[in-house]
Every structure is written in structure tokens, then in C-alpha cells.
Amino acid sequence: MSAFADPRRLESDELAARAETAWRTGDLRVSRELFAQAAELEEAVATEASTPRVRSLLAVSATALWYKAADYSRAKRCAYSFLADDRTTDQGRVELERLVDRCSREAELARLDFDSSMVPIEIKLEGGRVGTGLAPASVTRGRRERVVAMLMRSAELEAGQEYRERGESDLSASNEVQVFEVPAVAASYGLRFYVASPAQQSLGADQLKPAKVVQRFLAIADAAQRGPDEVRRLVGDELYARAFISGFGELAPDGKDVAAVACSAPTWKVSAPRTVFEPKHRGPLRTAAEAKPVRSPAPGEEVLVGTLEAVHASSSEKWIELKMERRAEPVIVMIDKPLLLRTLFAEIESTLRAFTLPPKPPKHRRHRLVDFEVL
Amino acid sequence: MRRNTIILDLREKSPAHQLSDGTWLNCAEAARVTLHRFHAVPPPPTPTLLKVAQDEPCGGEIHWLPPTTAERASHANEKDATEQGAYAIAIAAVQALEGWRILGRAHQGSGADYIMAPAGGSDEDFVRLEVTGMAKGADEAAQSELRRRLIIKIEQLGRGDLDRPGVAVAVGFELAWVLVSGVQT
């Protein structure tokens, strides 16, 4: 009988599918129990498989199921037993060793009282002066700091927090979310991190989940690769958007020291695209980061966007005519501040973003200009 | 290579596959829920276009049952339903087009791969199946987007945890297209 047709394998698959559903619905304890049951069955079938590739595939699968059950010592014992077996293929050994490495990292985080919902994230650097297993410190130092900063910003954005100008994140100070760095895997150069939350806080529905933080970060990375406007569209808040545009602009490769930078979460806990930055992505992000900040409207302000057609000034009143799309007649906006008037004369025929106070009859029947930006 | 009309039957698991019933039912339900968003419930079956590598496209039909209210609620997350549903269609397609047998799922640290073996071949010659699903879109832009996603999946085959050849499939639900790559080594 083929190992794949073994009823225990089918049962293992059923249990793993149920475990994944439990994970998605937040029932971590049930998920781990089901993964452990699946792992037991898978390991039994793997032990009896006779052909090398199938045996190695099932060995990796059994080890991975123990890992997903967060039973790290059992996962490592399973891996070691197959690593000691001559029948295990070279590729199987590579995969088993990779799983042993992951188990060691996550077991250590668990020992430090972090929950098994921790999520790995990898920033892989390639080309340029990056070699196999090493990279110049000048290339990694700034990128490392940027990634950690952006991961915390992602957590704050996910938690709905107002933008923090400076200082340590509240989430980090209160230990609600932490970012750990782990050594790069041999034969590559990658900055590897784990986003983790403490074990005692793991059961709340409102708890900020590491998977959500990483998903948010990777979604913004994907937007950044498509350009700064995509980041703005996705993030919404201008201050956060600028922070991410600047961060990914620094992370992106320069084509000389680094040829490519890939962001991914090599884990079953997160479904998110792998984003690869090339040198062509760096320029637009850095230019946008260095541009003058876009003003956000203050509470009560209304933003009008249009072409400045005319500026009128008499002894008693001053106003501008703003031609806006889908309006037959220009909008009249009154000006109270003489300083604004002087600068507006030079911007006739420019497209403006005008920050105004809306009309308030009976005293104010027109918009009143507070500030403007030239687009 | 010219082909006759290809039948993709989501109403029951093919005996050619060694998937657990639960896994198949979950994927097939998700496919029905997603199809129901865009297409009238059969009969007649939903007409489909299938294309394998550089072969000429061929016509196909998807046979499916309407989802129940409970099934729609169970697959309310459209992203997950699209992803799971695409597997059901891809599994039916690779079997109908090229005779592949799904052997099951194999887990790794970063997820789980569907594994399949060639018709009449040994399980030892297994390959991976990588699938992507796209729910909405029925115009030319959607066609280009589906082709782009297939290319991305082919690239992923070169990077996966398992160092084995693989086949990539892209499923467009509203488009009713199934694109299948050749075996990528």
C-alpha cells in the first residue's frame, strides 16, 4: 500500500485541516492539540515508508506538524531520528535542519514566556556586496533598525494608535508586542525577526496578534513596491504613510551594495505576498520621503482642490475663484489673511489644495481660506 | 494538443485522489460558495476555458451544486474561500487534463503543499501543486492579471521548501478560466 493511501495519513490530513480552522478562529489550544494528534499519525507512517523521497517528504511533514503543535522538543526528536537515517535525502536533511533551527528559536521565545503565536519575518538581501552568509555591516545596520521601527509602527497602526512622533512604542514598553532578532540561516543573508506577544495575554479577542502585525507590515511593503501613492492609499494616515515611505525607501536596494531585498513571512500562520524590492523602487520612495509634508485638514476644515482662476482684492474684501471639476461655476473662497493673498497672486493657473472653513450662514456665506498647498 | 470538452465535477471527490474527505469537502464547498457569487447555479454547468502551458485553450464545464446558507456562512471570508476553492478546481482540472493523482498534503514550516503523482507513475516521482485563485474580474485586465499570477506561482515553485518539480495553476472564478503551467523543474 502506498504511504499516501495509508488511512492514518488521511486521518492526519483531516486533523491538520481542523487544526488550521481552529487556528484561524483563534482557538490556539485546540489547534495545537489537533496538530499534535496529526503529527503522531504522520510520524508513524513516515517511519514505515520505504522509498527515500516519500520517506523524507513524510519525515519533514511529521516534524512540521509537531512544530505547528508547538511541541518543539518532540519536533526536534522526530527530526533527529530521520537525520540519523541514511535513507533521508539531501533535500530532506536541509528541510529537517531548517525546522530544527525554527524549533530552537521558538522554544527559546516560549521559555521567555512569549506565546506560540509568534510569527517569523525575513528580510533577505541579495547581490552587490552581499555574500553567502555574510554582508557588510554598513548594508545591514540601517536596514535592521528600519525594519524593527516599521514593525512597531505596523503594530501601532494595527492597534489604531495615533502616530508617535518619537520615543519608545507604548506597545513595546508595556510588552504587548516585542520584536526579536534571530541569527541568519546559513547559506543566505537575511535579517530574521520574530514578532511576539506575551503568553498570558494570548487569549483575548482584542489582543494585538503578531500575525496581524506582520500581515499589515507585508501589505504595506507590497504597496511600497508599487509606489508612495499606493502606501498613502493603503495606510490613510499621512504621518504613518510618510514613515513607511521613508522606511521602505531606505530598505530598498541601491543596486551597488545590494541588488535585491525580499520581504516575506516564512510561516503557515500568515498568508501574505513575498515582496521583492529592486533598485528602481528606491528612487520614487526616497523622493516622496524628502518632499514637503502633505498637510492634513484640521477638524472642521474642508479641502477643495481646483485650479486658481483669479485673485480679487478690494479695500473691503479679498477672494479667489477656484475652478473645480464637475462644477460649472468657479467656487468663491474668501481670504481673511493678507499674507495668503500675497502668495496666491503668484499661483494663478496652478492647481491648489485649499484648506477652508465651510460656509456658515447667516454670517459667512462663502468658504474662507485657512491655508493652501500647490499640487 | 486539441482536447475535447473537459469536465470538472465538484460534486464528489474523484477516486483518483487520496485527499481526506474533510479536506476535499472544505475546498469544494469554498469553490461552490465563490462560484455562486458570479455564476448561475447549474444546470447548465458553468462554461470554462482551460489552458495548459503553450497548448491551445480548450473548453470545459464546471459541475457544482448550490451552496447552502450554512456553507455560505462558513466560507464568509472571501479571501480564504477563493484560495480554498481554487484548490478544488485546480485538483479537478489537473486530473481531468493530464491525469495527475493528488496524493495528499505535505506540511513544512511555512505551510503545506499539495503533492501529486503522474498517471500510471510511481508515488516516488511526486511533484508539487501550487495554486492561486482570483475571485472577481471578467474583462481583459482580469485575464492579464490571472496570467501574471500564474507566472508568480511558477516563480514560487523555484523557491519553495520542497526541492521538487511542480505544476502551477491559476483559477479565475468570475472569469471562469483555469490556467495550468507545464511541469517546472
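Data table
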{"read-out": "Contour excess over end-to-end distance, with Cα ends at residue A:365 and residue A:27 and 0.36 nm allotted per residue", "value": "115.9 nm"}
{"read-out": "Cα convex hull of the stretch A:49-110, projected area averaged across orientations, nm²", "value": "3.5 nm²"}
{"read-out": "Approximate shape of the protein assembly as shown as ellipsoid semi-axes (Cα gyration tensor, √5λ), whole Å, largest first", "value": "50, 31, 22"}
{"read-out": "Highest-MSF residue in chain A out of A:198, A:330, A:120 [GNM, Cα springs under 10 Å]", "value": "A:330"}
{"read-out": "Mean separation of Cα contacts under 8 Å (6+ apart) over length of chain B, as relative contact order %", "value": "23 percent"}
{"read-out": "Average projected area [Cα convex hull, the stretch B:38-185], square nanometres", "value": "9.5 nm²"}
{"read-out": "Dipole of the protein assembly as shown [Lys/Arg +1, Asp/Glu -1 at C-beta], most positive-end residue of A:92, B:77, B:117", "value": "B:77"}
{"read-out": "Spatially close lysines, pair count over chain A: Cα under 19 Å, gap of eight or more or interchain", "value": "14"}
{"read-out": "Relative contact order [Cα under 8 Å, 6+ residues apart], the stretch A:86-204, whole percent", "value": "37 percent"}
{"read-out": "For the stretch A:305-375 versus the stretch B:64-80, the gap between their alpha-carbon centres in whole angstrom", "value": "53 Å"}
{"read-out": "Relative contact order (%) - the stretch A:5-121, alpha-carbon pairs under 8 angstrom, separation at least six", "value": "20 percent"}
{"read-out": "Environment charge at residue B:68 (Cβ cut-off 11 Å; Lys +1, Arg +1, Asp -1, Glu -1)", "value": "0"}
{"read-out": "Cα-centre dipole for the stretch B:51-117 with unit charges at Cβ (Lys and Arg positive, Asp and Glu negative), debye to 20", "value": "180 debye"}
{"read-out": "Nearest 10 degrees, 0 to 90: helix A:210-226 Cα axis against chain A principal axis", "value": "60 degrees"}
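Values in this text are rule-based calculations from the coordinates and carry no lab data. Everything quoted here is computed from the prediction, not taken from an experiment. Cβ sites come from the backbone with ideal geometry, for glycine too, and all protein chains shown count toward neighbours.
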